[in-house]
Amino acid sequence: AASVSEPKALPVLQLVGVRKVFAGFAAVDRIDLDVLEGEFLTIVGPSGSGKTTLLRMLAGMEDPSEGNITLRGQLINGVPSNRRPTCLVFQSLALFPHMTVGENIEYPLKVKKIAPAERKARALELLRMVRLPESYYGKNVMKCSGGEKQRVALARAFAYDPDVLFFDEPLSALDYKLKKVMEKELKDLHRESGKTFIYITHSLEEAMVMSDRIGVMRAGRLVQVGTPEEIYTRPADRFVSEFVGEVNVVEAVREVGGRWVAAEGGQPIRLALPAELADAERVAVVVRPEFMRLVGDGESTDNLLDGTLYNEYALGSRIQYQVRVGDRTMIVELSRSLAWRGGLDRPVRIGWNAADAIVVAA
Ligand code: ATP
């Protein structure tokens, strides 16, 4: 789908075979990546997957052990962060506590020896950009709320006028509601500024809302890079599919004769095998809760499993049902208007159509 901020197809940053080894352990392992001019790229992954180490190398705070990083075609391995046209916005924000909001924002301009009147004009412009009132210019930065400090840190980052902005989990300290507001504002700011944003977070939800593309890391490797839509609908493997959200996974094995059956339970499974798994003997069939159905009498789906309905949760506009199948729990989500009226602790059949499942390597 064409997004509003369609990235121009020129890599601003290019990583080739980038690796970082700490005492024999590869925290980041052979990463190849093109970051496109003007895109919002988010790197996600569980704790310890190497996101921060990767970002520190991009920002010039750490040297790669192997591989090359180029910025607009120039090799930047070993170039210190203060000599790169990039800027890092930290989780801790790193604001100067003894300074006013205005002094914080003007700091980069002062370093560049820009005259005071021009500095102030630019700071006021940046305050507007991050949606803070001009009256905050003289305010002590420590008297600002968490969300306001966040905006000051952003304004200061923009004052450096960098080519690329890096973000290291900048919203993790905010409460849920403010975080949701800031996610949308960051996305707007990205669009208005036209800058390249590289953002790291362990929250896929955050990544989904803001990014043009998402890179998923696992154990130092970049396992998939794609649009939020691609990551969601075509996960590269089981790890990515499970990282994306709650899923049902049914392992299937191929019997002699080519028929697929559930590894547990042995019932036949109808599936659409992707070409790259043509020779697989065992696969994982991933069914998202919104594609799993509670199958009533007289209805049918390609695949059916017998179970017991043992719990239901209201999720606002949807209802989640938990169904025990053998000793496993499967999840079905229905829109509230389609609520199941059968009652708890009753036998139910759940099912899905082959076309609605994602088949990945087991
Ligand atoms: P989190 O989400 O918890 O911040 P992360 O994905 O950012 O995790 P990193 O901080 O990059 O992961 O760490 C990746 C791995 O490298 C971890 O196992 C970590 O312990 C290790 N590591 C990171 N920095 C160093 C260091 N300076 N010396 C030794 N090991 C390190």
Does the range 67-86 contain any residue that is among the charged types (D, E, K, R), under 20 Å from the mean Cα position of the chain (by Cα) and either surrounded by fewer than 20 Cβ atoms within 10 Å (Cβ to Cβ) or more than 15 Å from the ligand (Cβ to nearest atom) (or both)?
no
Can you pull out every residue in the range 128-146 that is surrounded by 19 or more Cβ atoms within 10 Å (Cβ to Cβ) and within 19 Å of PHE90 (Cα to Cα)?
VAL130, VAL141
Taking the conditions exactly as written (more than 16 Å from the ligand (Cβ to nearest atom) and of a type in the set (A, V, I, L, M)), does LEU271 satisfy them or not?
yes
Of the numbered conditions (1) in contact with a Lys or Arg (Cβ under 6 Å, 6 or more places away or on another chain); (2) under 22 Å from ALA173 (Cβ atoms); (3) in a loop (DSSP other than H, G, I, E, B), ILE105 fails exactly one; give the number of that condition.
(3)
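Residues are listed down the side, and each one gets a yes or a no for (1) modelled with pLDDT of 95 or more; (2) in contact with an Asp or Glu (Cβ under 8 Å, 6 or more places away or on another chain):
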| site | (1), (2) |
| --- | --- |
| ALA1 | no, yes |
| LEU10 | no, yes |
| ARG19 | yes, yes |
| GLY24 | no, no |
| VAL35 | yes, no |
| THR42 | yes, yes |
| PRO46 | no, no |
| ALA59 | no, no |
Complete set of residues in the range 24-35 that are touching a residue at least 24 places away in the same chain (Cβ under 8 Å) and more than 16 Å from the ligand (Cβ to nearest atom)
ASP32, VAL35
Just the residues that are in contact with a Ser or Thr (Cβ under 9 Å, 6 or more places away or on another chain) and outside any strand (DSSP E or B), please, taken from the range 63-76.
ILE76
Matching option when the condition is among the charged types (D, E, K, R) and either buried (at least 22 other Cβ atoms within 10 Å of the Cβ) or within 21 Å of ALA357 (Cβ to Cβ) (or both), among ARG221, ARG234, ARG213, ARG191
ARG234
Complete set of residues in the range 314-362 that are among the aromatic types (Phe, Trp, Tyr) and closer than 20 Å to GLU242 by Cβ:
TYR321, TRP352
Considering each residue of the range 194-205, count those that are at pLDDT 90 or above and either within 14 Å of the chain's Cα centre (by Cα) or under 16 Å from LEU126 (Cα atoms) (or both), and give that number.
7
Could you give every pair whose Cβ atoms fall below 6 Å, whose first residue belongs to the range 37-51 and is farther than 9 Å from ALA219 by Cα and among the charged types (D, E, K, R), and whose second residue is assigned to a loop (DSSP other than H, G, I, E, B) and near the ligand (Cβ under 6 Å from one of its atoms), counting only separations of at least 6 or pairs across chains?
LYS51/GLY45
Under 9 Å between Cβ atoms, which residue pairs at least 6 apart in sequence (or on different chains) link something in the range 308-319 that is over 16 Å from ARG293 (Cα atoms) with a partner that is at pLDDT 90 or above?
ALA314/GLN320; LEU315/GLU333; SER317/SER335
Would the range 56-67 turn up any residue that is touching a helix residue (DSSP H, G or I) at 6+ places or on another chain (Cβ under 7 Å), hydrophobic (A, V, I, L, M, F, W, C), free of Cβ contacts under 8 Å to residues at least 60 places away in the same chain and farther than 24 Å from ARG221 by Cβ?
no
Is it the case that some residue within the range 291-304 is of a type in the set (S, T, N, Q) and not assigned by TED's automatic domain parsing to the domain that holds ASP356?
no
Here are the criteria: (1) in contact with a Lys or Arg (Cβ under 6 Å, 6 or more places away or on another chain); (2) within 15 Å of the ligand (Cβ to nearest atom); (3) outside any strand (DSSP E or B). Tell me which single one GLY38 does not satisfy.
(2)
Subset of the range 236-258, residues out of contact with any helix residue (DSSP H, G or I) (no Cβ under 8 Å at 6 or more places or on another chain), at pLDDT 90 or above and more than 21 Å from GLU281 (Cβ to Cβ), comes to ASN248
Here is a check on your reading of the model: is GLU62 of a type in the set (Asp, Glu), farther than 21 Å from ILE231 by Cβ and touching a strand residue (DSSP E or B) at 6+ places or on another chain (Cβ under 7 Å)?
yes
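The values are calculated or read from the model by the stated rules, or taken from the named source; none is laboratory data. None of the values given here were measured: they were computed from a predicted structure. Please note: Cβ atoms are built from the backbone with ideal geometry, for glycine as well, and neighbour counts cover all protein chains shown.
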